[in-house]
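K.L.:
The structure under discussion is supplied below as structure tokens; questions concerning it will follow.
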Amino acid sequence: MNSSSSPSSSSSSSSHTHYSTSSSDTDTPPSSSAAVRRALRLIQSEDLSLKIEAAKDIRRLTKTSQRCRRQLADAVKPLVCMLRVGDDDSVELSESALLALLNLAVKDEKNKISIVEAGALEPIISFLKSQNSILRECATASLLTLSASSINKQVISATGAIPLLVDILRNGNTQAKVDAVMALSNLSTHSNNLDIILKTNPIPSIVSLLKTCKKSSKTAEKCCALIESLVGFHEGRTALTSEEGGILAVVEVLENGSLQSREHAVGALLTLCQSDRFKYREPILREGVIPGLLELTVQGTPKSQSKAHALLCLLRDAPYPRSELQPDTLENIVCNIISQIDGDEQSGKAKKMLAEMVQVSMEQSLKQLQQRALKRVEKKYSEECQSRPLSRYQWSGVTRYSRLMDMKSAST
């Protein structure tokens, strides 16, 4: 989640921060064993105030300790019972139970599954409909965590959670929107859920969030992952291109996003162009996509590089391969596109990026040549070594050459 955004309630905010920013879990300190036993005893109490105290202790103990999550697994059923008796008039009871379950589920697949099996989804779904913003936010964060389990995805969808999550995405506060889009992204990886998500028309809300979030954030990655999946359908493509600034938002991620975000962004644009090149070519070109695509061809993931090259081929004037007299080099493809771009600024930027791309390509080629040369030298000396021993001076020469090539490779 995007830690720069925070929900309206301070308690909910702290619940989000602990699992979004923690880099690793810690072992349980010896003093925690007694605290674990005490929490398990109190959570079984008939006194609601003691149950709330126990839930808060469980939340604290499981904040960073995987061992405590395992030791406190028996608290799942009593906590779910607390959810069932809670309502809008007992916010503290419901919130403390939700946050304890949330921490129990983080990085613990068994607890994720047991929480759902214990019947937690029914009250969680009811909290999504609540008039209380704290309960809505906690419920959304809970679904985000529970939906990370592949076993839970279809079960969550069957409860009717998807339309409610899209409603949070439309009308919630910033943190709730982030949690909702991440939960939807988790659920979308189950094929049956994509149709349900598509029917709720989520793209305008996804694009709205994408426009406002940092393009290198995890939020942008999940937004683009959803968009890439949804534009595989006619309704998704229509929704994206009908939304003002929709394609531009994707292009901005392609330029400034993380490696994974850029892969989703170029995948979404490629899907558009492959579905109907004549319809989508101009809208994509109009948003100045060429510089970002050029950079991806040399600096993206292997999938990004392949998709960027394929999209560049589709964006040129003639979509089919040239004759042997005009080979389909990347430079030729890009020059063809640049010649059709309106506006000196976009064209100049694309030409500059092309020059930089050629320079990077030359440097990479030089590095590969150096590496091949080093392998040949090593192979030659290895063969000579098998036929006759090398002198101390010969081995010294091989070592110096290897170091020199390593230094040259590092400098490029």
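The values are calculated or read from the model by the stated rules, or taken from the named source; none is laboratory data. What you see is a predicted model, and the numbers here were worked out from it, not measured in a lab. Backbone-built Cβ (ideal geometry, glycine too); neighbour counts: all protein chains shown.
K.L.:
If the requirement is being touching a residue at least 40 places away in the same chain (Cβ under 8 Å) and in a helix (DSSP H, G or I), which of these qualifies: Glu122, Glu53, Glu95?
P.N.:
Glu95
K.L.:
Could I ask something else about it? Filter the range 172-218 down to residues that are assigned to a loop (DSSP other than H, G, I, E, B), in the same structural domain as Ala265 (by TED's automatic domain parsing) and of a type in the set (Gly, Ala, Ser) and give me whichever is nearest to Glu263 (Cα to Cα).
P.N.:
Only one residue tops the list, namely Ser216.
K.L.:
Would you please list the contacts, defined by Cβ atoms under 6 Å and residues six or more apart or on different chains, that run from a residue in the range 186-205 that is closer than 14 Å to Gly232 by Cβ to a residue that is outside any helix (DSSP H, G or I)?
P.N.:
Going by the 6 Å Cβ cut-off, the qualifying pairs are Leu198/Phe233.
K.L.:
For Leu254, all conditions in the list (1) within 18 Å of the chain's Cα centre (by Cα); (2) more than 26 Å from Gln305 (Cα to Cα); (3) outside the structural domain of Asn132 (by TED's automatic domain parsing) hold save one; what is the number of the exception?
P.N.:
(2)
K.L.:
Conditions first: (1) under 23 Å from Asp195 (Cβ atoms); (2) in contact (Cβ under 8 Å) with a residue 12 or more places away in the chain. Cys273 passes all but one, so which condition is the exception?
P.N.:
Every condition holds for Cys273 apart from (1).
K.L.:
So in the range 300-317, with the set limited to residues that are at pLDDT below 95 and charged (D, E, K, R), which one is surrounded by the most Cβ atoms within 10 Å (Cβ to Cβ)?
P.N.:
Arg316
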